[in-house]
Amino acid sequence: MIGRNGARLLATVSLTALLAACAVQPEPFTTDQLNTKAAADRQAMFEKIDAVTGPITLPDAIARALKYNLDKRAKVMEEALAAGQTQVDKWDLLPKLTADAGYSGRDQPAASRSRDLISQTTSTSNPTYSADREGATADLGLSWNILDFGVSYFNAHQNADRVLIAAEHRRKTVHNLIQEVRYAYWRAAAAQALESRVQTTVAEAKDALGRARTVERENLKAPVESLRFQKSLLETMRQLTAIQQELSTAIFELSALINVPPGTKLVLDVPSEDKMAVPDWSMPIDTMEEAAFRDNPDLREHGYLARIAVDDTRKAIVKMLPGITFTASRNWDSDSLLVYRQWYEAGAKVTWNLFNVLSANSTLDYAHANEDVTQARRMALRMAVLAQVHVSERQFRNAVSQYQQADDLWQVDKRLVALSEAKTDNNAQGVLERVASEASAIASQLRRFQTYAQVEQAYAKMQATLGQDLLPEEVKTTDLQGLSAVVAERLNDWNMGSQAPEFQAKAVDVPAAPPVPEARPVAVPVAAEPEPQPVATPVAAEPDPPPVATPVAAEPAPLPVKTPIAAEPAPQTAALETSDAISDPLTAALRGKVGRLFAEGGTPVTPLPTPPVDALKSREVW
């Protein structure tokens, strides 16, 4: 029974809750709280990470990034979260089993009198009631709505596709991570390889600059000459300082990618110069397009989004249908006036929102428009990926060309440094030449490392565009050393050109075009030309050309014997040397005759017949 005390208690609780809701104010973190949180987060960032105990190779850096990089961890957790949602969606497909319990009470019984329906006369008998003033109820009910089941079914399908989308996001993150690690590693390798040389050269330049300023103050040389010398040294020092500044941040970028505290001393296992080989890539461009259309993570993601859009349309159709609900329950009531205080109950109910039928056309139009938009986005993305395949392939070829040029330039600068160091001159000109050549060699070596880093980055970008995964779907080992071994093996396979054996097998079936012979200039003098090989067709079998009335002097005079053929207006010998594929009798006879004439070293008495030369020109031998 609830009396005045209960009413007061209820009013007090309600007033307290209302005042507490009005008293909520923004509460920023204090300085101590921020410091504590920062310390805890810093410890969590680098805990359970294997310490760096030796030089780091490129496979080691990639393995550390794949295992410890925080962005990659976040994507893996997002994928696990999406997979957990699918487990939750399975329970939504089941019927709802609910257990209810309640209590009710009043201070007066629900007493009542009856009234006559016709005369509207109230009964004068004592009031009656049919329920206790206080009572408790409980029930356990099972309900199943077919409409909700259909909607939950398509929701589960959509969330399953979202799991696959999360997996594609993780793949894309791994591709970008490998690309960034390869680029940062080689920049850090350049910094490590050039650090000591840059410091030594800068110190020598500073010493020479100090002596030059002393010479200027004491007027030991002409001011113009001394100032020009100082300007050259300052320009060299500026170049070296720019190199130092450019490479100073590379090691921090690599540390962040492999999740090592910035400032940690990292020693890289830089390969020797002869092992900085360019990766081999021989996949045809059409095969690359097929691979990208099949394995690119962005295209796969939009494919799943298209399926989600189709499920949205199906859900919209299902929601227009009437909903049928089946119920069954076991009930209990504490009312003492009831004859049966426990009973079973079952029922069925149909509900239909008629406004859904009226809005069917608009809903379906919107759903179909959503499918069309998704399809258009997918087509636009396919075009972008198709262009990216060609762009990435061209960027890789350009990067390889730049690296080869940088390597040639570095080889020349390295020899120039060796020559300048061989000199023993310690005068101003000798010091300036030595410092300048050393600075030029350092810059060339830096460009060589940079272009090689661009080659590695372009190679990884091309593989990311094609959707090629560095790691297989299942990796048996999880320790860092085993993961590094797997990465090293896969990198070696990629660099050797075995990145896609199934496509290479398909590419073999395509016949290659036969090579077209091209004329090559010959710089060997005529006197040094070997005797032409005898041909199977005798010269006598060739019909003698008709006598020509034009005098011999009308023909362009042949060059002296010691003049190279490359300087001759019409290098017949070069054409003959490169026309081995032509085996007709006329050409063979011409070759024998011209060979004998040049071997004798004299002027031919009879001019060369015109038809064979025209025939050779018609075959594009020239």
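Rank these by accessible area, largest first, 1.4 Å probe: I324, I165.
Values: I324 60, I165 15 Å².
Result, largest first: I324, I165.
Determine the order of T122, T128 by accessible area, beginning with the largest, at a probe radius of 1.4 Å. Don't skip to the end; give the middle numbers.
Working: T122 60, T128 85 Å².
Ranked from most to least accessible, the order is T128, T122.
Given a Förster radius of 51 Å and the C-beta distance between L354 and Q25 as r, what FRET efficiency does 1/(1 + (r/R0)^6) yield to the nearest 0.05? Please report the intermediate quantities before stating the final value.
Numbers: r = 47 Å, r/R0 = 0.93.
Between L354 and Q25 the formula returns 0.60.
I want to check the label-to-label distance for L140 and L234. Put each point 7 Å from Cα in the C-beta direction and report it in nm to one decimal.
A separation of 9.4 nm, rounded to one decimal place.
At a Förster distance of 22 Å, what's the computed FRET efficiency of D50 paired with S272, Cβ-Cβ distance as r, to 0.05? Display every interim value, and only then the final one.
On the way: r = 27 Å, r/R0 = 1.22.
Calculated value: 0.25.
Protein chains only, probe 1.4 Å: how do L321, L446 rank by accessible area, largest first? Don't skip to the answer; put the middle values down first.
Details: L321 95, L446 10 Å².
Largest accessible area first, the residues go L321, L446.
Could you tell me the accessible area of I251 in Å² (1.4 Å probe, neighbours in place), rounded to the nearest ten?
50
Just to verify a number: what accessible area does K172 come out at with the full protein assembly present, 1.4 Å probe, Å² rounded to tens?
Accessible area, nearest 10 Å²: 80 Å².
Looking at the range 91-144, which trypsin sites (Lys or Arg not before Pro) are DSSP coil and have at most 15 other C-beta atoms within 10 Å of their C-beta?
Details: sites: K96, R106, R113, R115, R133; in loops: R106, R113, R133.
Those satisfying the criteria are R106, R113, R133.
What does the charge add up to near F293, with Lys and Arg as +1, Asp and Glu as -1, over the other residues with Cβ less than 12 Å from its Cβ? Before the final figure, lay out each step's value.
Details: positive: R294, R300, R378, R382; negative: D286, E289, E290, D295, D298.
That works out to -1.
What is the extension gain from N398 to L81, computed as 0.36 nm multiplied by their sequence separation minus the C-alpha to C-alpha distance, in nm to one decimal? Before the final figure, lay out the partial values.
Numbers: separation 317, 0.36 × 317 = 114.12 nm, distance 4.19 nm.
So the chain would gain 109.9 nm between N398 and L81.
Please calculate how many Å² of accessible area the range 447-491 carries per residue, with a 1.4 Å probe and no DNA, RNA or ligand atoms counted.
Values: 2040 Å² over 45 residues.
Averaged over the residues of the range 447-491, the accessible area is 45 Å².
Here are some pairs, K275/K461; K75/K172; K172/K476; which of them have Cα atoms lying more than 18 Å apart in this structure? List each step's numbers first, then the result.
Details: K275/K461 22 Å; K75/K172 10 Å; K172/K476 22 Å.
From K275/K461; K75/K172; K172/K476, over 18 Å: K275/K461; K172/K476.
Taking only protein heavy atoms and a 1.4 Å probe, what accessible area per residue, in Å², does the range 141-240 have with all protein chains in place?
Values: 5060 Å² over 100 residues.
Roughly 51 Å² per residue, with all protein chains present.
First select every other residue whose beta carbon is under 11 angstrom from the beta carbon of I324; then total the charges, Lys and Arg +1, Asp and Glu -1. If you can, show how the numbers build up before the last one.
Values: positive: K349; negative: D148.
Local net charge: 0.
With a ≥ b ≥ c taken as the square roots of the eigenvalues of the C-alpha gyration tensor of the range 48-169, please select rounded if a/c is under 1.5 and otherwise prolate if a/b is larger than b/c or oblate if it is not? Don't skip to the end; give the middle numbers.
On the way: a/c = 6.90, a/b = 3.37, b/c = 2.05.
It is prolate, given that a/c is not under 1.5 and a/b is the larger ratio.
How many nm separate the modelled label positions at D295 and A328, each set 7 Å beyond the Cα in the direction of the Cβ?
5.3
The values are calculated or read from the model by the stated rules, or taken from the named source; none is laboratory data. Only a predicted model underlies this, so the values are computations on that prediction, with no experimental measurement involved. A quick note on method: Cβ atoms are made from the backbone with ideal geometry, for glycine too, and the neighbour counts reach across all protein chains shown. Ligands, DNA and RNA are excluded from the accessible area calculation, which covers all protein heavy atoms including side chains. Shrake-Rupley method; radii C 1.70, N 1.55, O 1.52, S 1.80 Å.
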